[in-house]
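See below for the structure under consideration.
The values are calculated or read from the model by the stated rules, or taken from the named source; none is laboratory data. All values derive from a computational prediction rather than experimental measurement. Counting neighbours? That spans all protein chains shown, and the Cβs are built from the backbone with ideal geometry, glycine included.
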Amino acid sequence: MQPTEMSTERRSPASSWWREAVLYECHLPSFRDGNGDGIGDLEGLTSSLDYLKHTLGVDAIWCGPFFRSPLLDQGFDVSDYCDVEPVFGSLAIFDRLIKHAHERGLKIIVDYIPNHTSNEHPWFRESRSSLTNDKRDWYVWRDPRADGSPPNNWTSETGGSVWEWDETTGQYYLHSHLVQQPDLNWRNPQVRAALFDVLRFWLDRGADGFRIDVAHMLMKDPELRDNPLAEGGNDNPFDLQHPDFGTQLHVHDRRHPDTHATLAEIRGVVDAYPDRVTIAEIEAMSWQDWALYFGSDHDGIHLPFAFRLLETVWTAADLRRELSALYAALPPGAWPVLALGNHDRTRLVTRLGPEQAKVAAVLLLTLQGTPCLLYGDELGLADQSVPRERQRDYFGLAEGGVSRDPTRTPMPWNDGVNFGFSTAPEDELWLPLSRVGATVNVVAQQQRPTSHLALYQRLIRMRVASPALHQGTIDLLDPGGSDGDGSVLAYVRRCERDVKAVALNLTGEPTTVVLPSAGTVVVSTSAAIEGQRTGSHTRLEPHQAIVVDLPQKDEWP
Ligand code: NOJ
Ligand code: CA
């Protein structure tokens, strides 16, 4: 195979830590319980830093929300931005987390949730108290239409209208998510100033950056026009929410062009502190749309999540098409952040099966871009249904709603009580334990060279040691596989003298791939072939992925 014309000879990335880092998404209530109440917390995370740094080898931890919250949406419903929810710890414990993380060279990324607060936030309590309250305009309030119906047709991610009638003042307020999550009015300068102060509060305490929740939603159409109906079906590939949400095209309630100037302001606040990073959740429909979030002249988000990849159908042809479009859309000098799963989505093993989940690990950790893996994926943890009486996610409790709890079950650490997650009685745990935790746990997998964890460890070590992988260019190879059947996704990563070829068999059939040259297998889903020489015509076993060390290009045949 020869590299195709879409070769990305972009300028070599600057040396910012976040370009070369491996990110790890921890979901705090499900990660490790430090005080025995059954709920994961900052104490538990702090005691897991050696695992993250030394066993796994990641560089930065995105903590998941931990601000004060009634926890109806896992902490994405904030009642105080400048304090820690007591269930998760305290400011002192956060400070200790930062200290211990920094001592180990680990970065801490804080979840910043600017689009909405909890209805229990004092700002909202004040806002709803009267039409003339100072904070009335901090949220989006509107009169009903003449017939008493809501001001427009926008549908919420949790079903029904985004408008909730408030008896006290006789107006509706806007909530893009739960009724208990009123949207802030980012067109109000006082709101902006208050939310910028929140950034400074955590930056001053040593946060290394933020993951910005629904960053594409901060600015809405100022006229609040109706969304068009999705007559031909909703084109939103990210739509995993309530079916009501998908009945319309969400063109006026999100991705408003004014959002970019707002994100540039956020970036300005963060940039006043050296070496910090902004990572953002961006549900963009197209790669062109996504690329806008880097800002004009890089004044936007450092790392906007490339969520389309997360939705891509798992075939070589689909992945190749999307990756090719992603890299083609990437503005010069920009660097993507890539994830194949997160706390809102079906886990990799459930979506792809255990064997392809390993292929996915090879993909994620060898692409050009900062990889972000979800806690538990390094063990091959699967989704697990959660009985209604144990559900935590209010999104799932609404009629017709979709619960994200199955993705968020506790991390299994060992085969002891509650698989090492907590010492509390099982029925008091945040969510039920994984049924397979007795074998799918950190300790058990450390002892098995063929485990998911062992593969992740080898991949991360290889990535750290290889400039081609953590900072090099990428050239997608022509569609590959036996008889050009498209069973293989393959690419070459390059940085000066370091050259790596990656070939992934996305099927359960054996196939062959033609690489630009012979080389040596460095890491594979089959540990046994690591270190072996391979010709340029290479056989791939079913579900097999290989990373091959190649000679420099001028030595290729
Ligand atoms: C996106 C988050 O990822 C999701 O978990 C949350 O429910 C919504 N934003 C609302 O904050
Ligand atoms: Ca706890």
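Let's see how each residue does on (1) outside the structural domain of ASP83 (by TED's automatic domain parsing); (2) in contact (Cβ under 8 Å) with a residue 60 or more places away in the chain; (3) within 21 Å of ASP111 (Cβ to Cβ):
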site: LEU131; (1), (2), (3): yes, no, no
site: ASP137; (1), (2), (3): yes, no, no
site: ARG142; (1), (2), (3): yes, yes, no
site: GLY148; (1), (2), (3): yes, no, no
site: ASN152; (1), (2), (3): yes, yes, no
site: GLY159; (1), (2), (3): yes, yes, no
site: ASP166; (1), (2), (3): yes, no, no
site: LEU199; (1), (2), (3): no, yes, yes
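Which of the residues that make up the stretch 68-90 are of a type outside the set (Ser, Thr, Tyr), within 16 Å of ligand 2 (Cβ to nearest atom) and under 18 Å from VAL198 (Cα atoms)?
Listed by number, the residues that qualify are ARG68, GLY75, VAL84, GLU85.
Run down ALA501, ALA518 and say which single residue is of a type in the set (Gly, Ala, Ser) and either within 33 Å of the chain's Cα centre (by Cα) or within 17 Å of ALA361 (Cα to Cα) (or both). Don't jump to the end; show me each part of the working.
Numbers: ALA518 fails: either within 33 Å of the chain's Cα centre (by Cα) or within 17 Å of ALA361 (Cα to Cα) (or both).
From the options ALA501, ALA518, the qualifying one is ALA501.
Select from the stretch 16-39 the residues that are in contact with a Ser or Thr (Cβ under 9 Å, 6 or more places away or on another chain) and either in a helix (DSSP H, G or I) or within 16 Å of ligand 1 (Cβ to nearest atom) (or both) and list them in ascending order.
TRP18, ARG19, GLU20, LEU23, CYS26, HIS27, SER30, PHE31
Identify all residues within the stretch 386-419 that are in a helix (DSSP H, G or I) and within 23 Å of ASP244 (Cα to Cα); write none if there are none. Talk me through it step by step, then tell me what you get.
As a first pass, look at the stretch 386-419 and keep what is in a helix (DSSP H, G or I): 388-390, 394-397, 405-408, 417-419.
Answer for the stretch 386-419, where residues must be in a helix (DSSP H, G or I) and within 23 Å of ASP244 (Cα to Cα): ARG388, TYR394, PHE395, GLY396, LEU397, ASP405, PRO406, THR407.
Output the residues belonging to the stretch 108-125 that are in contact with a helix residue (DSSP H, G or I) (Cβ under 8 Å, 6 or more places away or on another chain) and of a type in the set (A, V, I, L, M).
ILE108, VAL110
Could you grab me the full set of residues in the stretch 209-230 that are on the phi < 0 side of the Ramachandran plot, modelled with pLDDT of 95 or more and either among the β-branched types (Val, Ile, Thr) or not in a loop (DSSP other than H, G, I, E, B) (or both)?
Matches in the stretch 209-230: PHE210, ARG211, ILE212, ALA215, HIS216, MET217.
Run LEU459 past the list (1) crowded, with 22+ Cβ neighbours inside 10 Å; (2) over 18 Å from VAL359 (Cα atoms); (3) aliphatic (A, V, I, L, M) and report the number of the one that doesn't hold.
Going through (1) crowded, with 22+ Cβ neighbours inside 10 Å; (2) over 18 Å from VAL359 (Cα atoms); (3) aliphatic (A, V, I, L, M) one by one, LEU459 breaks only (2).
I'd like to verify a number: residues in the stretch 392-411 that are more than 22 Å from the chain's Cα centre (by Cα) and within 15 Å of ligand 1 (Cβ to nearest atom), how many?
First, pick out the residues of the stretch 392-411 that are more than 22 Å from the chain's Cα centre (by Cα): 397-400.
Filter once more, keeping what is within 15 Å of ligand 1 (Cβ to nearest atom): 397-398.
Residues flagged as more than 22 Å from the chain's Cα centre (by Cα) and within 15 Å of ligand 1 (Cβ to nearest atom) within the stretch 392-411 amount to 2.
Only one of (1) at positive phi; (2) out of contact with any strand residue (DSSP E or B) (no Cβ under 7 Å at 6 or more places or on another chain); (3) surrounded by 19 or more Cβ atoms within 10 Å (Cβ to Cβ) fails for GLY233. Which number is that?
(3)
Looking only at the stretch 420-433, decide whether some residue is over 20 Å from the mean Cα position of the chain (by Cα), away from ligand 2 (no atom under 16 Å from the Cβ), assigned to a loop (DSSP other than H, G, I, E, B) and of a type in the set (Ser, Thr, Tyr).
no
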